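Report on the structure given below.
The values are calculated or read from the model by the stated rules, or taken from the named source; none is laboratory data. Remember, it's a predicted structure, so these values are computed and weren't measured experimentally. Here Cβ is always computed from backbone atoms with ideal geometry, including for glycine, and neighbour counts include all displayed protein chains.
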């Protein structure tokens, strides 16, 4: 197996390759990233129960391609995989990760229902987090099998999604482990400066010295430029053709309101069936950022975090994107998160232009 190719195909795995090549060693965090990436690939290709020989090939490939990881004792890859013998279970980093993934995904329906009922009561926070993690796959199946149902019904069944911070992000991480960190890890470092360069051709009102802003502020500006670069496509509602204005597209994606906005009045006057991002501040300075879901504002530490949370909400709640800004979310899904989906010609062209730009 080509370990380098598997790792280099993911944003989480590429730094591991660089670290091993440059330093001949890796940190505990990098080792965990490597194991997550390789086990995900293993289970995608060979199912939940790959053969012992397949796991051994994966482990031996690791030490063959990165000799600094080879142990001088035993097979040389025992730390990564040791097959079970004499009624003893298999061990090693790869096997332990695979076993833990299976535990999370193979929770019995009866146990999942029992834990869901417990979660409707107020439990200790650490217990809530654990139970929510273990029931994430069950919850996703429940939401998807129920068809189009009111958000109130989802939150009545799973109230901790709204009142316990981080649960939407955790559900997404369980369901899409390879994609969960791609926006927050890569936007400011790999994409924002390129998006700003493209945006300057569409909007003349940007600060001339925008490149002098801190990286995170440039990232915020780049996010707000996406409606300019990926404007709305007209769509039909019955027989009527709707052509959203630039302002409507912007507000449907990131609604920018001044600091001091009365949140009660805002939430009462902007009810929408879709999750949306609310930013308090101005284009160059985000004071607070929220994802508004079913009239409830969930605060995030940054605008980038709020956009990430909003995107993940669409997947966790199995909701379609708002038609007025569907191209923006499709772009983030397919280009940034690398999740297959709809790619219109403007999205394909934008991807090509981003890839052609030098860092």
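For the structure I just gave you, tell me whether residue 168 is touching a helix residue (DSSP H, G or I) at 6+ places or on another chain (Cβ under 9 Å), closer than 30 Å to residue 12 by Cα, modelled with pLDDT of 95 or more and assigned to a helix (DSSP H, G or I). So residue 168 fits the description; yes. Where residues in region 243-266 are touching a helix residue (DSSP H, G or I) at 6+ places or on another chain (Cβ under 7 Å) and surrounded by 16 or more Cβ atoms within 10 Å (Cβ to Cβ), which of them is farthest from residue 165 (Cα to Cα)? Ranking the candidates gives 244 first. When the residues of region 175-190 are filtered to those that are crowded, with 16+ Cβ neighbours inside 10 Å and more than 10 Å from the chain's Cα centre (by Cα), the one that is farthest from residue 38 (Cα to Cα) is 188. Checked against (1) surrounded by fewer than 19 Cβ atoms within 10 Å (Cβ to Cβ); (2) touching a strand residue (DSSP E or B) at 6+ places or on another chain (Cβ under 9 Å), residue 269 meets all criteria but (2). Residue 222 falls short of the stated requirement of being farther than 19 Å from residue 306 by Cβ, touching a helix residue (DSSP H, G or I) at 6+ places or on another chain (Cβ under 7 Å) and either surrounded by 12 or more Cβ atoms within 10 Å (Cβ to Cβ) or in contact (Cβ under 8 Å) with a residue 40 or more places away in the chain (or both). If you go through region 113-131 and keep only what is touching a helix residue (DSSP H, G or I) at 6+ places or on another chain (Cβ under 9 Å), farther than 12 Å from residue 158 by Cα and part of a helix (DSSP H, G or I), you end up with 127, 129. In the set (1) modelled with pLDDT of 95 or more; (2) closer than 23 Å to residue 194 by Cβ, residue 300 fails one condition alone, (2).
In the set 204, 287, only one residue is touching a strand residue (DSSP E or B) at 6+ places or on another chain (Cβ under 7 Å) and surrounded by fewer than 16 Cβ atoms within 10 Å (Cβ to Cβ); that residue is 287. For region 74-105, the set of residues classified as in a loop (DSSP other than H, G, I, E, B) and modelled with pLDDT under 85 consists of 84, 86, 87, 89, 90, listed by residue number. Evaluating residue 207 against the criteria (1) in the same structural domain as residue 318 (by TED's automatic domain parsing); (2) assigned to a helix (DSSP H, G or I); (3) in contact (Cβ under 8 Å) with a residue 24 or more places away in the chain leaves one unmet condition, (2).
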